[in-house]
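Asker: Let me begin by handing over the structure; questions about it come next.
Each value in this text was obtained by applying a stated rule to the coordinates, not by laboratory testing. Everything numeric in this text was worked out from a predicted model, so none of it was measured. Heads up, the Cβs are rebuilt from the backbone with ideal geometry, glycines too, and the neighbour counts pull from every protein chain shown.
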Amino acid sequence: MKHLTIGIFGDNELIKRLAKQGTVNDIAIYNHASSEGVFTYMSPNSDKISPLLQIINAIDVPVLAGQITKELAEQIVAIDAFGFEKGFVLNEEIKSIAKNTCIENFSVVDEKELREKVKEIESMPIAKSAWIPIDNYFDVKSVGTVILSVIKGGSVKKHDKLFVQPLNKEVVVKGIQSQDRDMEEASAGMRIGLNLKGVEAGELKRGYVICKEANVSKAVSLEFSKSKFSKEDISSGSSILLSVGLQVVSAKAESIEDKKINFSLEQPVAFFSGQKCLLASTKQDMPRIIGGGVLI
């Protein structure tokens, strides 16, 4: 069965028409399941920068709708900096202001067409082995720690022993659910809930990764590509926000060699070489997106 994660930008009412409410906090997550597939929709539900960065990293395909606002303009900059190859636009005017961006290649559709067109998109794993970034987590009475995630690589089986990174804590998968069904195994692209033994919900944060192995460090190097819309430059000593998967951490540029930037981080992150990332300003003026990069 097809599994796909879709970002909805610019129209918070559209997501409500496309799917049923799931978990809603600073990120609104809605779900739609039918015989044709399981579709997870995500939309920013806060004016803070972190939810936008996290959604961009979590989704397979973006959808732009609604009227042009400063918030939508910033979302366009973030989508372009990440470099999506496919996407959909429900307002022709949006495409006209997004010239010389990846959005030029997005298809213009109406709402009815969108429901059909997303079924043609394939979820693309970003890692070969299990890579499960946590987007929500909680303690369930008599069950224990439960995390929610979209699997971004590999697969997970019941009773698997994995690690929570960057905590470096070994956990055992006690149970797997998807769409309220118990499962023995789940694979890349699926939205799941995992019941974990070996970690308390209070130890977790959004962005922590359940995996077999990962690079974990408070220092990273990346190949940087500045957004054409950003007025902010990065120089040695600059402080920015670095978004790696669903992890958003404060970072300081230690040295710059052409397009390569070496950062020291306020907190360790879990990552793999070749993983995409986004860089954002610590300032409040939109657009806060500075550019994108690839971790070395």
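Asker: Which peptide among 232-243, 135-146 comes first, and what is the full order, when sorted by highest mean count of other Cβ atoms within 10 Å?
Answerer: 232-243, 135-146
Asker: Can you list, largest first and rounded to whole Å, the semi-axes you get for the chain by taking the square root of 5 times each eigenvalue of its Cα gyration tensor?
Answerer: Gyration-tensor ellipsoid for the chain: 29, 26, 15 Å.
Asker: Separate question: With each label point set 7 Å from Cα along the Cα-Cβ vector, what nm distance links D233 and I296?
Answerer: For D233 paired with I296, the spin-label model returns 2.1 nm.
Asker: Then there is this: Short version: ³J(HN,Hα) in whole Hz for each residue of segment 139-153, in order, from phi by Karplus 6.51 cos²θ - 1.76 cosθ + 1.60 (θ = phi - 60°), x for Gly and Pro, what are they?
Answerer: Computed from phi, the couplings for segment 139-153 are 9, 10, 4, 6, 10, x, 6, 10, 10, 10, 6, 9, 5, 9, x Hz.
Asker: What dipole magnitude, in Debye to the nearest 20, does the chain give about its Cα centre under +1 on Lys/Arg Cβ and -1 on Asp/Glu Cβ?
Answerer: Its charge dipole is roughly 520 debye.
Asker: Contour minus end-to-end for E113 and S250, with contour as 0.36 nm per residue of separation and end-to-end as the Cα-Cα distance?
Answerer: So the extension gain works out to 45.3 nm.
Asker: Determine ³J(HN,Hα), in whole Hz, for all residues of segment 188-197 in sequence, where each value follows from phi through the Karplus function 6.51 cos²θ - 1.76 cosθ + 1.60 and θ = phi - 60°; x replaces Gly and Pro.
Answerer: Listing the rounded values in order: 3, x, 7, 8, 9, x, 10, 8, 10, 10 Hz.
Asker: Quick one: length gained pulling M124 to D139 fully straight, 0.36 nm per residue minus the C-alpha distance?
Answerer: Answer, rounded to one decimal: 2.4 nm.
Asker: In whole angstrom, note down how far apart the Cα centers of segment 90-110 and segment 24-81 are.
Answerer: 16 Å
Asker: Which FRET efficiency value, to the nearest 0.05, is calculated for Q21 and K260 with the Förster distance at 51 angstrom and r the Cβ-Cβ distance? Numbers along the way, then the final one.
Answerer: Numbers: r = 43 Å, r/R0 = 0.85.
FRET efficiency, Q21 to K260: 0.75.
Asker: Turning to a different aspect of this structure: Binning at 10 Å from 0, report for segment 207-249 what percent of all alpha-carbon pair distances ends up in each bin.
Answerer: 17, 51, 24, 8
Asker: Treating the beta-carbon of each Lys and Arg as +1 and of each Asp and Glu as -1, no other charges, what is the dipole magnitude of segment 204-296 about its Cα centre, to the nearest 20 debye?
Answerer: Charge dipole of segment 204-296: 280 debye, to the nearest 20.
Asker: List nothing, just return the count: lysine pairs in segment 216-296, 8 or more apart or interchain, with Cα separation under 21 Å.
Answerer: Going through segment 216-296 pair by pair, I get 22.
Asker: Please go through segment 232-296 and write out the trypsin sites (Lys or Arg not before Pro) that DSSP classes as loop and that have at most 12 other C-beta atoms within 10 Å.
Answerer: Here the sparse-neighbourhood loop sites are K259, K283.
Asker: Among the aspartates and glutamates, which fall within straight-line cross-link reach of K48, defined as a Cα-Cα distance under 18 Å, with same-chain neighbours fewer than 8 residues apart omitted?
Answerer: The qualifying aspartates and glutamates are D11, D26, E71, E74, D135, D285.
Asker: Tell me, what ³J(HN,Hα) does each residue in segment 93-108 have, in order and in whole Hz, if you take phi through Karplus 6.51 cos²θ - 1.76 cosθ + 1.60 with θ = phi - 60° and put x for Gly and Pro?
Answerer: Listing the rounded values in order: 5, 4, 5, 5, 8, 9, 5, 6, 10, 5, 5, 4, 8, 6, 7, 8 Hz.
Asker: Going by amide H atoms built from the backbone, whose H comes under 5 Å of the H on I296, apart from near neighbours?
Answerer: Amide H to amide H, under 5 Å and 5 or more residues apart or across chains, I296 pairs with S221, L222, E223, G274.
Asker: Dipole of segment 3-120 (Lys/Arg Cβ +1, Asp/Glu Cβ -1, origin at the Cα centre): which of F106, I29, L72 lies farthest to the positive side?
Answerer: Toward the positive end, the furthest listed residue is I29.
Asker: Can you divide the C-alpha Rg of segment 3-120 by 2.2 N^0.38 Å and report the result to two decimal places?
Answerer: Working: Rg = 13.0 Å, N = 118, 2.2 N^0.38 = 13.5 Å.
Normalised by 2.2 N^0.38 Å, the Cα Rg of segment 3-120 equals 0.96.
Asker: Considering amide H positions built from the backbone, and no H for Pro or chain starts, which residues 5 or more places from G87, or on another chain, come under 5 Å of its amide H?
Answerer: S107
Asker: Which of the listed residues, N12, V38, Q54, is farthest toward the dipole's positive end in segment 1-55, when Lys, Arg count +1 and Asp, Glu count -1 at the beta-carbon?
Answerer: The one lying farthest along the dipole's positive direction is V38.
Asker: Once the other residues with Cβ under 12 Å from the Cβ of K70 are scored (Lys, Arg +1; Asp, Glu -1), what is the net sum?
Answerer: -3
Asker: Return the long-range amide H neighbours of A188 (sequence gap of 5 or more, or a different chain), with a cut-off of under 5 Å between placed amide H atoms.
Answerer: Those qualifying (amide H under 5 Å, at least 5 residues apart or on another chain) are G154.
Asker: Further, regarding this structure: Taking the alpha-carbon distance from K128 and a cut-off under 18 Å, which aspartates and glutamates remain once sequence neighbours fewer than 8 residues away in the same chain are dropped?
Answerer: Hits, sequence-local ones excluded: D60, D160, E185, E213.
Asker: For segment 190-296, build the charge dipole from Cβ charges (+1 Lys, Arg; -1 Asp, Glu) around the Cα centre, then report which of G245, I296, F271 sits farthest towards its positive end.
Answerer: The Cα lying farthest towards the positive end belongs to G245.
Asker: Could you give the dipole magnitude of segment 3-120 about its Cα centre, charging the beta-carbon of Lys and Arg +1 and that of Asp and Glu -1, in debye to the nearest 20?
Answerer: Its charge dipole is roughly 220 debye.
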